[in-house]
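Here the structure comes first, spelled out in C-alpha coordinates, and everything after it is commentary.
The values are calculated or read from the model by the stated rules, or taken from the named source; none is laboratory data. Just so it is clear, the structure is predicted and the values come from calculations on it, not from any experiment. With ideal geometry, Cβ positions are generated from the backbone for all residues, glycine too; neighbour counts draw on all protein chains shown. The area values use the complete protein model at the heavy-atom level, side chains included, leaving out ligands, DNA and RNA. Shrake-Rupley method; radii C 1.70, N 1.55, O 1.52, S 1.80 Å.
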Amino acid sequence: MVLPHEPEFQQAYDELVSAVEDSTLFQENPEYKKVIPVVSVPERVIQFRVAWENDKGEIEVNNGYRVQFNSALGPYKGGLRFHPSVNLSILKFLGFEQIFKNALTGLSMGGGKGGCDFDPKGRSDAEIRRFCFAFMRGLSRYIGADTDVPAGDIGVGGREIGFLFGAYKAMQNNFTGILTGKGLSFGGSLIRPEATGYGVVYYVEKMIEKASQGKESFKDKRVAISGSGNVAQYAALKVIELGGIVVSLSDSRGTLIFPDNVNAGQVRIIADSKLKFKSLEQIAKDNADYFQGVEYIAGARPWEHVGAVDVALPSATQNEISGEEAKALVDAGCKFIAEGSNMGSTKEAIDVFEANRPNGVWYAPGKAANCGGVAVSGLEMAQNSQRVQWTAEEVDSKLKNIMYTCFDNCYNTAVKYSNEKTDGLPSLLKGANIAGFIKVADAMFDQGDVF
(Lines give C-alpha, C1' and ligand atoms only; values in the text may rest on other atoms or scores of the structure.)
Protein backbone atom coordinates (compact mmCIF):
# COMPACT_ATOMS: atom_id res chain seq x y z
CA MET A 1 0.00 0.00 0.00
CA VAL A 2 1.43 3.38 -1.04
CA LEU A 3 -0.38 6.53 0.16
CA PRO A 4 1.80 9.59 -0.57
CA HIS A 5 -1.09 11.90 0.35
CA GLU A 6 -1.40 10.28 3.81
CA PRO A 7 2.17 10.15 5.18
CA GLU A 8 1.25 9.66 8.86
CA PHE A 9 -1.08 6.77 8.08
CA GLN A 10 1.50 5.30 5.70
CA GLN A 11 4.06 5.34 8.51
CA ALA A 12 1.72 3.56 10.94
CA TYR A 13 0.79 0.99 8.28
CA ASP A 14 4.42 0.34 7.37
CA GLU A 15 5.38 -0.14 11.03
CA LEU A 16 2.74 -2.82 11.56
CA VAL A 17 3.37 -4.65 8.29
CA SER A 18 7.16 -4.66 8.65
CA ALA A 19 6.86 -5.95 12.21
CA VAL A 20 4.64 -8.91 11.31
CA GLU A 21 6.52 -9.69 8.10
CA ASP A 22 9.90 -9.63 9.85
CA SER A 23 8.87 -12.47 12.16
CA THR A 24 7.85 -16.09 11.89
CA LEU A 25 4.13 -15.29 12.14
CA PHE A 26 3.29 -15.58 8.44
CA GLN A 27 5.54 -18.61 8.06
CA GLU A 28 3.65 -20.45 10.80
CA ASN A 29 0.21 -18.98 10.00
CA PRO A 30 0.10 -17.87 6.33
CA GLU A 31 -3.67 -17.27 6.53
CA TYR A 32 -2.98 -14.13 8.59
CA LYS A 33 -1.70 -12.41 5.43
CA LYS A 34 -5.33 -12.10 4.31
CA VAL A 35 -6.06 -9.77 7.21
CA ILE A 36 -3.65 -6.97 6.24
CA PRO A 37 -5.57 -5.47 3.29
CA VAL A 38 -8.86 -5.70 5.22
CA VAL A 39 -7.80 -4.31 8.60
CA SER A 40 -5.98 -1.42 6.90
CA VAL A 41 -9.19 0.12 5.51
CA PRO A 42 -11.58 1.88 7.94
CA GLU A 43 -15.04 0.39 8.28
CA ARG A 44 -16.42 3.92 8.03
CA VAL A 45 -15.12 7.49 7.65
CA ILE A 46 -17.46 10.32 8.59
CA GLN A 47 -16.74 13.93 7.63
CA PHE A 48 -19.06 16.81 8.50
CA ARG A 49 -19.31 20.59 8.55
CA VAL A 50 -18.99 22.40 11.89
CA ALA A 51 -20.49 25.90 11.60
CA TRP A 52 -20.51 27.93 14.80
CA GLU A 53 -20.69 31.54 16.03
CA ASN A 54 -17.73 33.31 17.63
CA ASP A 55 -17.94 36.08 20.23
CA LYS A 56 -18.06 38.72 17.49
CA GLY A 57 -21.24 37.22 16.11
CA GLU A 58 -19.40 35.89 13.04
CA ILE A 59 -19.89 32.41 11.61
CA GLU A 60 -16.78 30.23 11.48
CA VAL A 61 -16.66 26.89 9.68
CA ASN A 62 -14.41 23.93 10.50
CA ASN A 63 -14.08 20.34 9.29
CA GLY A 64 -15.20 17.59 11.65
CA TYR A 65 -14.22 13.92 11.32
CA ARG A 66 -14.74 10.51 12.87
CA VAL A 67 -12.80 7.49 11.58
CA GLN A 68 -14.55 4.31 12.75
CA PHE A 69 -11.72 1.96 11.91
CA ASN A 70 -12.42 -1.48 13.36
CA SER A 71 -15.10 -2.94 15.64
CA ALA A 72 -13.96 -6.58 15.78
CA LEU A 73 -13.27 -6.42 19.54
CA GLY A 74 -15.98 -4.00 20.65
CA PRO A 75 -17.42 -0.52 20.12
CA TYR A 76 -15.13 1.94 18.34
CA LYS A 77 -12.97 3.64 20.98
CA GLY A 78 -10.55 6.52 20.60
CA GLY A 79 -10.13 10.19 21.30
CA LEU A 80 -11.20 13.44 19.69
CA ARG A 81 -8.46 15.92 18.76
CA PHE A 82 -9.08 19.66 18.28
CA HIS A 83 -6.03 21.14 16.58
CA PRO A 84 -5.32 23.03 13.32
CA SER A 85 -3.19 20.12 12.08
CA VAL A 86 -6.08 17.64 12.12
CA ASN A 87 -6.68 15.94 8.79
CA LEU A 88 -7.70 12.48 7.60
CA SER A 89 -4.13 11.18 7.38
CA ILE A 90 -3.46 11.99 11.03
CA LEU A 91 -6.81 10.61 12.17
CA LYS A 92 -6.39 7.42 10.13
CA PHE A 93 -2.92 6.90 11.61
CA LEU A 94 -4.26 7.46 15.13
CA GLY A 95 -7.29 5.23 14.52
CA PHE A 96 -5.15 2.46 13.02
CA GLU A 97 -2.81 2.57 16.02
CA GLN A 98 -5.84 2.58 18.32
CA ILE A 99 -7.09 -0.77 16.98
CA PHE A 100 -4.02 -2.64 18.21
CA LYS A 101 -3.45 -0.48 21.28
CA ASN A 102 -6.96 -1.26 22.50
CA ALA A 103 -6.41 -4.93 21.76
CA LEU A 104 -3.32 -4.91 24.00
CA THR A 105 -5.35 -3.69 27.00
CA GLY A 106 -7.32 -6.94 27.02
CA LEU A 107 -10.59 -4.98 27.18
CA SER A 108 -13.50 -5.14 24.72
CA MET A 109 -12.83 -2.09 22.60
CA GLY A 110 -12.51 -1.49 18.87
CA GLY A 111 -10.46 1.30 17.32
CA GLY A 112 -11.44 4.75 16.12
CA LYS A 113 -10.38 8.39 16.20
CA GLY A 114 -11.90 11.77 15.42
CA GLY A 115 -11.56 15.48 15.75
CA CYS A 116 -11.60 18.83 14.04
CA ASP A 117 -9.18 21.40 12.61
CA PHE A 118 -10.42 23.89 15.23
CA ASP A 119 -7.86 25.59 17.47
CA PRO A 120 -9.15 26.09 21.04
CA LYS A 121 -6.20 28.31 22.03
CA GLY A 122 -7.25 31.85 22.76
CA ARG A 123 -10.95 31.06 22.61
CA SER A 124 -13.35 32.06 25.37
CA ASP A 125 -15.33 29.49 27.34
CA ALA A 126 -18.45 30.69 25.53
CA GLU A 127 -16.84 30.09 22.14
CA ILE A 128 -15.63 26.64 23.19
CA ARG A 129 -19.14 25.78 24.36
CA ARG A 130 -20.78 26.94 21.11
CA PHE A 131 -18.18 25.08 19.06
CA CYS A 132 -18.65 21.84 21.05
CA PHE A 133 -22.42 21.97 20.60
CA ALA A 134 -21.98 22.50 16.85
CA PHE A 135 -19.43 19.67 16.64
CA MET A 136 -21.68 17.27 18.55
CA ARG A 137 -24.60 18.22 16.30
CA GLY A 138 -22.68 16.64 13.44
CA LEU A 139 -21.34 13.67 15.40
CA SER A 140 -24.17 12.61 17.73
CA ARG A 141 -26.09 10.43 15.25
CA TYR A 142 -23.04 8.21 14.66
CA ILE A 143 -21.99 7.40 18.24
CA GLY A 144 -23.46 5.52 21.19
CA ALA A 145 -22.48 3.56 24.31
CA ASP A 146 -22.49 0.28 22.33
CA THR A 147 -21.46 1.80 18.98
CA ASP A 148 -18.66 4.35 19.35
CA VAL A 149 -17.38 5.95 22.55
CA PRO A 150 -15.03 8.93 21.96
CA ALA A 151 -12.69 10.41 24.57
CA GLY A 152 -10.37 13.40 24.81
CA ASP A 153 -7.05 13.99 23.07
CA ILE A 154 -4.98 17.07 22.20
CA GLY A 155 -7.18 20.15 22.62
CA VAL A 156 -10.00 18.18 24.24
CA GLY A 157 -9.80 18.18 28.03
CA GLY A 158 -12.32 18.07 30.85
CA ARG A 159 -14.00 21.34 29.84
CA GLU A 160 -14.56 20.20 26.26
CA ILE A 161 -15.72 16.72 27.30
CA GLY A 162 -18.25 18.31 29.64
CA PHE A 163 -19.67 20.55 26.91
CA LEU A 164 -19.74 17.67 24.41
CA PHE A 165 -21.53 15.42 26.90
CA GLY A 166 -24.08 18.12 27.69
CA ALA A 167 -24.71 18.64 23.99
CA TYR A 168 -25.19 14.90 23.34
CA LYS A 169 -27.55 14.55 26.31
CA ALA A 170 -29.64 17.50 25.14
CA MET A 171 -29.81 16.27 21.54
CA GLN A 172 -30.48 12.60 22.26
CA ASN A 173 -32.39 12.90 25.58
CA ASN A 174 -30.14 10.10 26.80
CA PHE A 175 -27.86 10.04 29.87
CA THR A 176 -25.35 7.36 28.94
CA GLY A 177 -21.64 6.64 29.00
CA ILE A 178 -21.22 8.08 25.53
CA LEU A 179 -17.87 9.79 26.25
CA THR A 180 -15.00 8.92 28.57
CA GLY A 181 -12.86 11.37 30.47
CA LYS A 182 -16.03 12.84 32.00
CA GLY A 183 -16.18 14.78 35.24
CA LEU A 184 -16.55 12.74 38.43
CA SER A 185 -20.00 14.25 39.05
CA PHE A 186 -21.47 12.74 35.88
CA GLY A 187 -19.87 9.35 35.39
CA GLY A 188 -16.14 9.95 35.14
CA SER A 189 -13.51 7.64 36.59
CA LEU A 190 -10.88 8.37 39.18
CA ILE A 191 -7.29 8.08 37.85
CA ARG A 192 -8.44 8.84 34.27
CA PRO A 193 -6.44 12.10 34.00
CA GLU A 194 -3.36 10.33 35.37
CA ALA A 195 -3.78 7.10 33.41
CA THR A 196 -1.60 7.57 30.31
CA GLY A 197 1.29 9.13 32.23
CA TYR A 198 1.11 6.59 35.05
CA GLY A 199 0.71 3.75 32.56
CA VAL A 200 3.83 4.50 30.53
CA VAL A 201 5.86 4.62 33.74
CA TYR A 202 4.42 1.28 34.91
CA TYR A 203 5.36 -0.21 31.53
CA VAL A 204 8.93 1.07 31.78
CA GLU A 205 9.10 -0.18 35.35
CA LYS A 206 8.65 -3.70 33.95
CA MET A 207 11.22 -3.05 31.21
CA ILE A 208 13.83 -2.04 33.79
CA GLU A 209 12.99 -4.98 36.01
CA LYS A 210 13.21 -7.50 33.14
CA ALA A 211 16.40 -6.06 31.64
CA SER A 212 18.16 -6.02 35.02
CA GLN A 213 16.71 -9.38 36.14
CA GLY A 214 15.02 -7.65 39.06
CA LYS A 215 18.14 -5.85 40.29
CA GLU A 216 17.16 -2.29 39.29
CA SER A 217 14.17 0.07 39.49
CA PHE A 218 13.39 3.71 38.70
CA LYS A 219 15.33 4.81 41.78
CA ASP A 220 17.99 7.38 40.79
CA LYS A 221 17.31 6.91 37.05
CA ARG A 222 17.62 10.14 35.06
CA VAL A 223 14.48 10.53 32.94
CA ALA A 224 14.02 12.91 29.98
CA ILE A 225 10.36 13.73 29.26
CA SER A 226 9.00 15.80 26.38
CA GLY A 227 5.67 17.57 26.52
CA SER A 228 4.10 19.41 29.42
CA GLY A 229 0.47 18.40 29.05
CA ASN A 230 -1.52 15.78 30.85
CA VAL A 231 0.65 12.77 29.90
CA ALA A 232 3.99 14.43 30.66
CA GLN A 233 2.77 15.92 33.94
CA TYR A 234 1.58 12.65 35.44
CA ALA A 235 4.49 10.65 34.04
CA ALA A 236 6.81 13.10 35.80
CA LEU A 237 4.91 12.83 39.07
CA LYS A 238 4.96 9.02 38.98
CA VAL A 239 8.69 8.95 38.17
CA ILE A 240 9.35 11.28 41.11
CA GLU A 241 7.23 9.05 43.36
CA LEU A 242 9.30 6.01 42.30
CA GLY A 243 12.56 7.76 43.08
CA GLY A 244 13.57 8.82 39.57
CA ILE A 245 15.05 12.16 38.49
CA VAL A 246 13.10 14.08 35.81
CA VAL A 247 15.45 16.36 33.86
CA SER A 248 13.20 17.94 31.20
CA LEU A 249 9.75 19.05 30.09
CA SER A 250 8.88 20.82 26.85
CA ASP A 251 6.17 22.41 24.73
CA SER A 252 5.86 23.43 21.08
CA ARG A 253 8.01 26.53 21.68
CA GLY A 254 10.94 25.14 23.66
CA THR A 255 12.34 23.03 26.47
CA LEU A 256 12.99 23.40 30.17
CA ILE A 257 16.11 21.61 31.44
CA PHE A 258 16.15 20.88 35.17
CA PRO A 259 19.71 20.39 36.49
CA ASP A 260 18.62 18.51 39.61
CA ASN A 261 15.05 17.23 39.36
CA VAL A 262 11.59 18.50 38.57
CA ASN A 263 9.65 18.67 41.82
CA ALA A 264 5.94 18.13 42.35
CA GLY A 265 5.35 21.83 43.07
CA GLN A 266 6.84 22.85 39.73
CA VAL A 267 4.67 20.27 37.94
CA ARG A 268 1.54 21.65 39.63
CA ILE A 269 2.45 25.23 38.59
CA ILE A 270 2.95 24.07 35.00
CA ALA A 271 -0.34 22.14 35.04
CA ASP A 272 -2.33 25.13 36.32
CA SER A 273 -0.65 27.54 33.89
CA LYS A 274 -1.11 25.27 30.86
CA LEU A 275 -4.88 25.45 31.41
CA LYS A 276 -4.46 29.15 30.59
CA PHE A 277 -2.40 28.27 27.47
CA LYS A 278 0.80 29.80 28.83
CA SER A 279 4.14 28.74 27.33
CA LEU A 280 6.82 27.11 29.46
CA GLU A 281 9.01 30.16 28.90
CA GLN A 282 6.30 32.43 30.32
CA ILE A 283 5.57 30.04 33.18
CA ALA A 284 9.23 30.01 34.22
CA LYS A 285 9.39 33.82 34.06
CA ASP A 286 6.15 34.29 36.00
CA ASN A 287 7.33 31.91 38.72
CA ALA A 288 11.06 32.73 38.75
CA ASP A 289 11.44 31.93 42.47
CA TYR A 290 10.26 28.35 41.85
CA PHE A 291 12.34 27.83 38.70
CA GLN A 292 15.74 29.09 39.81
CA GLY A 293 18.58 27.37 37.97
CA VAL A 294 16.21 25.92 35.35
CA GLU A 295 17.38 26.53 31.77
CA TYR A 296 14.95 27.37 28.97
CA ILE A 297 16.03 26.54 25.40
CA ALA A 298 13.83 28.17 22.78
CA GLY A 299 12.81 26.23 19.68
CA ALA A 300 14.35 22.95 20.88
CA ARG A 301 13.22 19.50 21.94
CA PRO A 302 14.91 17.95 24.97
CA TRP A 303 16.78 15.03 23.46
CA GLU A 304 20.06 16.69 22.47
CA HIS A 305 20.21 18.92 25.55
CA VAL A 306 19.55 16.69 28.57
CA GLY A 307 23.02 15.21 28.99
CA ALA A 308 23.38 11.75 30.50
CA VAL A 309 20.01 10.01 30.84
CA ASP A 310 18.74 6.48 31.49
CA VAL A 311 15.14 6.77 30.26
CA ALA A 312 13.40 8.83 27.56
CA LEU A 313 9.62 9.29 27.51
CA PRO A 314 8.43 11.20 24.42
CA SER A 315 5.02 12.45 25.58
CA ALA A 316 4.09 15.36 23.30
CA THR A 317 3.04 14.41 19.76
CA GLN A 318 3.89 12.21 16.78
CA ASN A 319 7.41 12.02 15.26
CA GLU A 320 9.05 14.02 18.03
CA ILE A 321 12.33 12.05 18.07
CA SER A 322 14.34 12.22 14.84
CA GLY A 323 17.10 9.86 13.79
CA GLU A 324 19.79 12.32 14.88
CA GLU A 325 18.09 12.88 18.24
CA ALA A 326 17.84 9.11 18.73
CA LYS A 327 21.61 8.85 18.18
CA ALA A 328 22.14 11.62 20.72
CA LEU A 329 20.06 9.74 23.29
CA VAL A 330 21.95 6.50 22.71
CA ASP A 331 25.26 8.37 22.99
CA ALA A 332 24.02 9.91 26.25
CA GLY A 333 23.59 6.42 27.72
CA CYS A 334 19.80 6.13 27.37
CA LYS A 335 18.73 2.49 27.73
CA PHE A 336 14.93 2.68 27.84
CA ILE A 337 12.70 4.60 25.42
CA ALA A 338 8.92 4.35 25.76
CA GLU A 339 6.37 6.47 23.91
CA GLY A 340 3.83 8.35 26.00
CA SER A 341 2.70 9.96 22.73
CA ASN A 342 1.33 8.18 19.68
CA MET A 343 4.10 7.24 17.20
CA GLY A 344 6.46 9.55 19.04
CA SER A 345 9.54 8.36 17.15
CA THR A 346 10.26 8.66 13.45
CA LYS A 347 11.14 5.54 11.49
CA GLU A 348 14.75 6.68 11.46
CA ALA A 349 14.74 6.99 15.24
CA ILE A 350 13.19 3.55 15.69
CA ASP A 351 15.84 2.08 13.39
CA VAL A 352 18.53 3.59 15.63
CA PHE A 353 16.96 2.19 18.80
CA GLU A 354 16.41 -1.26 17.32
CA ALA A 355 19.96 -1.38 15.90
CA ASN A 356 21.28 -0.71 19.41
CA ARG A 357 19.12 -3.35 21.11
CA PRO A 358 22.09 -5.77 21.30
CA ASN A 359 23.83 -3.00 23.28
CA GLY A 360 21.03 -2.88 25.85
CA VAL A 361 18.87 -0.11 24.31
CA TRP A 362 15.20 -1.10 24.59
CA TYR A 363 12.38 0.69 22.76
CA ALA A 364 8.62 0.38 23.45
CA PRO A 365 6.11 1.73 20.89
CA GLY A 366 3.18 3.91 21.90
CA LYS A 367 0.56 1.31 21.03
CA ALA A 368 1.82 -0.64 24.05
CA ALA A 369 3.50 1.87 26.34
CA ASN A 370 0.74 4.50 26.33
CA CYS A 371 -2.30 2.22 26.32
CA GLY A 372 -2.99 3.08 29.97
CA GLY A 373 -5.16 6.04 29.00
CA VAL A 374 -7.56 4.06 26.88
CA ALA A 375 -7.42 1.21 29.41
CA VAL A 376 -8.89 3.44 32.11
CA SER A 377 -11.37 4.78 29.54
CA GLY A 378 -12.46 1.16 29.16
CA LEU A 379 -12.73 0.87 32.93
CA GLU A 380 -14.84 4.05 32.91
CA MET A 381 -17.16 2.41 30.38
CA ALA A 382 -17.49 -0.61 32.68
CA GLN A 383 -18.31 1.62 35.67
CA ASN A 384 -20.91 3.51 33.62
CA SER A 385 -22.56 0.25 32.57
CA GLN A 386 -22.79 -0.85 36.20
CA ARG A 387 -23.74 2.63 37.49
CA VAL A 388 -20.89 2.46 40.04
CA GLN A 389 -17.65 4.30 40.76
CA TRP A 390 -14.52 2.49 41.91
CA THR A 391 -12.03 4.02 44.32
CA ALA A 392 -8.78 5.55 43.09
CA GLU A 393 -6.90 2.62 44.61
CA GLU A 394 -9.06 0.10 42.74
CA VAL A 395 -8.62 1.85 39.39
CA ASP A 396 -4.89 2.36 39.87
CA SER A 397 -4.47 -1.30 40.78
CA LYS A 398 -6.37 -2.38 37.66
CA LEU A 399 -4.32 0.03 35.53
CA LYS A 400 -1.03 -1.29 36.88
CA ASN A 401 -2.14 -4.87 36.26
CA ILE A 402 -3.17 -4.03 32.67
CA MET A 403 0.21 -2.39 31.94
CA TYR A 404 2.17 -5.25 33.51
CA THR A 405 0.10 -7.79 31.57
CA CYS A 406 0.55 -5.79 28.38
CA PHE A 407 4.33 -5.83 28.84
CA ASP A 408 4.36 -9.57 29.47
CA ASN A 409 2.21 -10.15 26.37
CA CYS A 410 4.52 -8.03 24.19
CA TYR A 411 7.64 -9.67 25.61
CA ASN A 412 6.39 -13.25 25.29
CA THR A 413 5.00 -12.66 21.79
CA ALA A 414 8.30 -11.14 20.68
CA VAL A 415 10.17 -14.19 21.97
CA LYS A 416 7.71 -16.63 20.37
CA TYR A 417 7.75 -15.12 16.89
CA SER A 418 11.28 -13.74 16.77
CA ASN A 419 13.49 -14.82 13.90
CA GLU A 420 16.58 -13.43 15.62
CA LYS A 421 19.34 -15.77 16.78
CA THR A 422 20.08 -13.97 20.02
CA ASP A 423 19.53 -14.35 23.74
CA GLY A 424 19.38 -10.57 24.22
CA LEU A 425 16.42 -8.25 24.60
CA PRO A 426 13.55 -9.17 22.24
CA SER A 427 11.94 -6.47 20.09
CA LEU A 428 8.97 -4.96 21.94
CA LEU A 429 8.18 -3.16 18.68
CA LYS A 430 7.51 -6.50 17.01
CA GLY A 431 5.93 -8.00 20.12
CA ALA A 432 3.39 -5.21 20.49
CA ASN A 433 2.43 -5.16 16.82
CA ILE A 434 2.16 -8.94 16.50
CA ALA A 435 0.24 -9.45 19.77
CA GLY A 436 -2.32 -6.77 18.93
CA PHE A 437 -2.60 -7.95 15.32
CA ILE A 438 -3.24 -11.59 16.27
CA LYS A 439 -6.04 -10.71 18.68
CA VAL A 440 -7.82 -8.49 16.15
CA ALA A 441 -7.21 -10.92 13.26
CA ASP A 442 -8.67 -13.88 15.15
CA ALA A 443 -11.85 -11.91 15.90
CA MET A 444 -12.13 -10.83 12.25
CA PHE A 445 -11.84 -14.46 11.11
CA ASP A 446 -14.46 -15.58 13.63
CA GLN A 447 -16.89 -12.86 12.53
CA GLY A 448 -16.41 -13.49 8.81
CA ASP A 449 -14.73 -10.15 8.05
CA VAL A 450 -11.87 -12.24 6.62
CA PHE A 451 -12.34 -15.73 5.18
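What helices does the chain have that are whole DSSP H segments, at least 18 Å long along their own axis by Cα, and with mean Kyte-Doolittle hydropathy of -0.5 or more?
Helices passing the filter in the chain: 7-21, 88-105, 125-139, 158-172, 195-211, 372-386, 392-417, 428-447.
So what's the net charge close to residue 325: Lys and Arg +1, Asp and Glu -1, counting the other residues with Cβ under 9 Å from its Cβ?
Net charge around residue 325: -1.
How large is the direction-averaged shadow of the alpha-carbon convex hull of the stretch 1-86, in nm²?
One quarter of the hull surface, i.e. the mean projection, equals 7.7 nm².
Determine the equivalent ellipsoid of the stretch 136-264 by diagonalising the alpha-carbon gyration tensor, then write out the semi-axes as square roots of 5 times the eigenvalues, largest first, rounded to whole Å.
36, 17, 11
Leaving ligands and nucleic acids out of the surface, order 285, 335 by accessible area at 1.4 Å, largest first.
285, 335
If you add up the charges near residue 374, with Lys and Arg at +1 and Asp and Glu at -1, over every other residue whose beta carbon is less than 12 angstrom from its beta carbon, what do you get?
Charge balance near residue 374 sits at +2.
In Å and from the alpha-carbon atoms only, list the Rg and Dmax of the stretch 16-138.
Expressed in Å, the Cα Rg and Dmax of the stretch 16-138 come to 18.0, 63.
Below 9 angstrom from the Cβ of residue 429, what's the summed charge of the other residues (Lys, Arg +1; Asp, Glu -1)?
Within the 9 Å Cβ shell, the charges total -1.
Could you please state how large a percent of the accessible area of the chain is carbon and sulfur, counting protein chains only and using a 1.4 Å probe?
Accessible surface attributable to carbon and sulfur in the chain totals 47 percent.
Taking the radius of gyration and the Kirkwood hydrodynamic radius from Cα positions alone, what is the Rg/Rh ratio for the stretch 238-391, to two decimal places?
Rg/Rh: 1.02.
Mind scanning 278/327; 219/327; 219/278; 77/101 and naming the pairs with a C-alpha gap bigger than 21 Å?
Beyond 21 Å between Cα atoms: 278/327; 219/327; 219/278.
Could you tell me the center-to-center distance, by alpha carbons, between the stretch 312-341 and the stretch 1-34 in angstrom?
Rounded to whole Å, the Cα centres lie 23 Å apart.
Which of the trypsin sites (Lys or Arg not before Pro) found in the stretch 198-242 are in a DSSP loop and have at most 14 neighbouring Cβ atoms, other than their own, within 10 Å?
In loop regions of the stretch 198-242 (DSSP not H, G, I, E or B), the sparsely surrounded trypsin sites (Lys or Arg not before Pro) are 215, 219.
Working with all protein chains in place, sort 444, 171 by solvent-accessible area computed with a 1.4 Å probe, largest first.
Result of the area sort, largest leading: 171, 444.
Can you tell me the mean projection area, over all orientations, of the convex hull of the chain's alpha carbons? Units nm², please.
For the chain, the mean projected area of the Cα convex hull comes to 20.9 nm².
Per residue, how many Å² of accessible area does the chain show with a 1.4 Å probe?
Per residue, the chain has an accessible area of 40 Å².
Can you tell me which lysines have their Cα less than 16 Å from the Cα of residue 276? Leave out same-chain residues fewer than eight positions away.
121, 285
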